[in-house]
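Here is the structure we will look at, set down as structure tokens.
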Amino acid sequence: MNSAKTYSAQDIRNVAIVGHSHCGKTALAEAILFDEGATTRLGKTLDGTSSLDLEAEEVHRGGSITSHFGWVEHGGKKINFIDTPGDQNFFLEGLTSLLGADSALVVVSASDGVQLQTRRSWAAAVERELARVVFVNKMDRFNGSWSQEIEYMNKALNAQLVPVQIPVGKEQSFCGVVDLFELKLRRWVPDGSGRMKMEEIPAELKDEVEAAHSAMFDAIASTDDELLEKYLETNDMTADAAKSAFTEAVKRNRLVPVLFGSAAANVGIQPLLDLIATTMPSPVERGTVPCKDAQGNPAECAHNPADPFLAQVIHTSVDEHTGQLSVIRIFSGGLSKDMHVLNASTREDLRLGTAFVLRGKERIRIDEVVCGDIVSAAKLKNTHTNNTLCAPNHVRLLSPMTYPKPMMSYVLITATRNDDDKLKAALEKLIEEDPTLSISVDDLTHKMILSGMGHGHLENAIERLRRKFQVNVTTDLPAIPYRETFEKAVQNIEGKHKKQTGGAGQFGVCVVHVEPLPRGKGFEFVDEIYGGAIPRNFIPSVEKGIKERSKHGLLAGYPLVDFRVRLVDGKHHPVDSKDIAFQMAGVKALKLAMQTAGLKLLEPYYKMEIVVPAESSGAIMGDINTRRGHVDGMDNHDGTTVIYATCPLSEIQRYVSDLHTMTAGKGTFMMEFHSFKDVPGHLVDRIQKSSPYLKEAHAAEE
């Protein structure tokens, strides 16, 4: 097997391709591979010929569900690109790959403009201080004003976007761009080959080009005080001075260049690659990377090949045949075959075997890797996305990507006992690939729960369970975790347990006061025994019995919460009193307290932050009211409305899908637990009858 070439850190460009779903990110990546000779045909997602969409589900959906990696050499520079998913169900997993990027290529569909995931991608790139370039795609489908579109984008992204080209032609007549630095027309042959020729600017475009050229120079001059002063004096700037200032401004995030093209038609790709190679920052130019030392103190590392090894796992994939593959971004030092490193996140020693560079499905061995590069390694034990790898004698820990809490959950029901045995292991492998998934166990039903970012996210995970790991499951929504609590306080409730079996008997009596507590206070047990009415060693037994009985209330079988039990008196027998007797006394005391005081049902409410287009805000707030929710406030930001609300969980279990439908896929939200509140009286009877825990409640009474 031939090995890949090793590049210096100065000659590497790490670019994340980001944007909304179906804006053409993968088509752009495929065009890059084809134009640079890395593939022999222009792959397309929709016809299943993409070299980047590796999963069967991606071919079926016609879009990416995970990040994919590739690289090309252009102008002597190695360009590593990361094709990230734009679907809101898989978007966050793709953002993890930004840990490996030094710049972001933001793809915007000309016909759709700046959409929700474009804004989120942009915000993530700004937060990580990545240099950015915008590629306005699908110009062969656009019939509007490109200059107006740039104005809209400036407002939507709150950025200073600077076109370095202007498009020529509209819709099917779109044929190329005028380069505003070279003042030449680049015209592409309309056969998808990517072949291009340089022409003089047509006379009918000269006024438009002159205005755009002047606007670009004004923007460049404004980024440097000394340059601006000279420019204002002479109203002129040399091409070399303009390019130098432009490059510096892009690297420092003072300007964002905009280019135009059509990835599917293979138009506009070469100028984009030229700009990435000459203008986007190398790893060295990103400066130092914050981290922590072995004691947790703040530290920094530089992209220096002479420094100790430091890297981070930015992506994990699991193949049912070849096992786990970890994609690694190297921040300092270098990597060679069979090198021993430390997983600083788990404190386990690892041997890094053969390293590979990825090009979609293709793996190419690389014998030596320098800092700044992105490579992959197979079968690293107990190593997952976000983990830091470092030199064993120089421990450093890089910050992981953090994820919001899951938005939706499914109970997983296995078809056979054999599937039950395989399920947990398969789920753990799924989470290695996608850290935005999580698993838990229902504390009442003891069934496995899979949680994720939405219906599509979970359905895809279920399909991968079946296809990759041959685990057959059906799904259901988790039961709402209702709770029960006391209506009022009661005093002097006696729990008495007496049992005579012919030999030694069982005897224990406890007297308790029970009172409700404010929401969220949980359970309190207070020992107020004086004078030895109950021996000290049996008081924990009473508490244990009360806790056991509180697992299922008498109203609908849900756990009891927010109450205090004060143990005030009791009786014991010198022979028959024992641990089990006082446990049973506690059980009977709490049961009698429930019957005497009465219970009420509580339901969980969640805080919600819902982001929707401004025109949808009225409908969304009305919908919140129909769900027994309450709108707490709202903010407006450049055509987007953020609605703050609280809603009962029972009304929003499918809200991901509902919001997608109500906003045509343009809305998103986050939620987290807020509090338990009383269930309205008219719903109590229905909840009682449908409770899956009544059987346990009745069993506890016996």
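Does the stretch 142-152 contain any residue that is surrounded by fewer than 21 Cβ atoms within 10 Å (Cβ to Cβ), within 24 Å of Val642 (Cβ to Cβ) and in contact with a Gly (Cβ under 7 Å, 6 or more places away or on another chain)? Yes, there is a match, as at least one residue in the stretch 142-152 is surrounded by fewer than 21 Cβ atoms within 10 Å (Cβ to Cβ), within 24 Å of Val642 (Cβ to Cβ) and in contact with a Gly (Cβ under 7 Å, 6 or more places away or on another chain). Within the stretch 381-434, if we keep just the residues that are more than 25 Å from the chain's Cα centre (by Cα) and of a type in the set (Gly, Ala, Ser), the residue that is nearest to Thr346 (Cα to Cα) turns out to be Ala391.
Residues being touching a residue at least 40 places away in the same chain (Cβ under 8 Å) and either open to solvent by 20 Å² or more (accessible area, probe 1.4 Å) or at positive phi (or both): count how many of those fall in the stretch 401-424.
Result for the stretch 401-424: 11.
Residues that are among the basic types (Lys, Arg) and either buried (at least 19 other Cβ atoms within 10 Å of the Cβ) or modelled with pLDDT of 90 or more (or both) within the stretch 352-362 comprise just one, Arg359. Of the numbered criteria (1) open to solvent by 10 Å² or more (accessible area, probe 1.4 Å); (2) hydrophobic (A, V, I, L, M, F, W, C); (3) part of a strand (DSSP E or B), the one Ala124 fails is (3).
Restricted to the stretch 223-260, and to residues there that are over 24 Å from Val177 (Cα atoms) and in contact with a Leu (Cβ under 9 Å, 6 or more places away or on another chain), the residue that is modelled with the lowest pLDDT is Thr223. Is it the case, given these coordinates, that Gln583 is under 30 Å from Pro535 (Cβ atoms) and open to solvent by 60 Å² or more (accessible area, probe 1.4 Å)? No; evaluated as a whole, the condition is false for this residue. Filtered by the rule that a residue be open to solvent by 10 Å² or more (accessible area, probe 1.4 Å) and either without any contact (Cβ under 8 Å) to a residue 40 or more places away in the chain or of a type outside the set (Ser, Thr, Tyr) (or both), the stretch 640-664 gives Val642, Tyr644, Leu649, Glu651, Gln653, Arg654, Val656, Asp658, His660, Thr661, Met662, Ala664.
Between Lys206, Lys197, the distinction of being open to solvent by 70 Å² or more (accessible area, probe 1.4 Å), in a helix (DSSP H, G or I) and not aromatic (Phe, Trp, Tyr) belongs to Lys206 only. Would you confirm, using the coordinates I've provided, whether Ala29 is of a type outside the set (S, T, N, Q) and outside any loop (DSSP other than H, G, I, E, B)? Here the answer is yes, as Ala29 does meet what is asked. Remark: pairs (first residue in the stretch 239-251, touching a residue at least 40 places away in the same chain (Cβ under 8 Å); second residue of a type in the set (Phe, Trp, Tyr) and in a helix (DSSP H, G or I); Cβ separation under 7 Å; 6+ apart in sequence or on different chains) = Ala242/Phe217. Look through the stretch 311-346, keep the residues that are in a strand (DSSP E or B) and in contact with a Cys (Cβ under 7 Å, 6 or more places away or on another chain), and return whichever of them is surrounded by the fewest Cβ atoms within 10 Å (Cβ to Cβ). That would be Gly334.
The values are calculated or read from the model by the stated rules, or taken from the named source; none is laboratory data. Here the structure is a predicted model, which means the values were calculated and not measured. Methodologically, a virtual Cβ is constructed for each residue, glycine included, from the backbone with ideal geometry; neighbour enumeration extends over all protein chains shown. Side chains included, ligands, DNA and RNA excluded: accessible areas come from the protein's heavy atoms. Shrake-Rupley method; radii C 1.70, N 1.55, O 1.52, S 1.80 Å.
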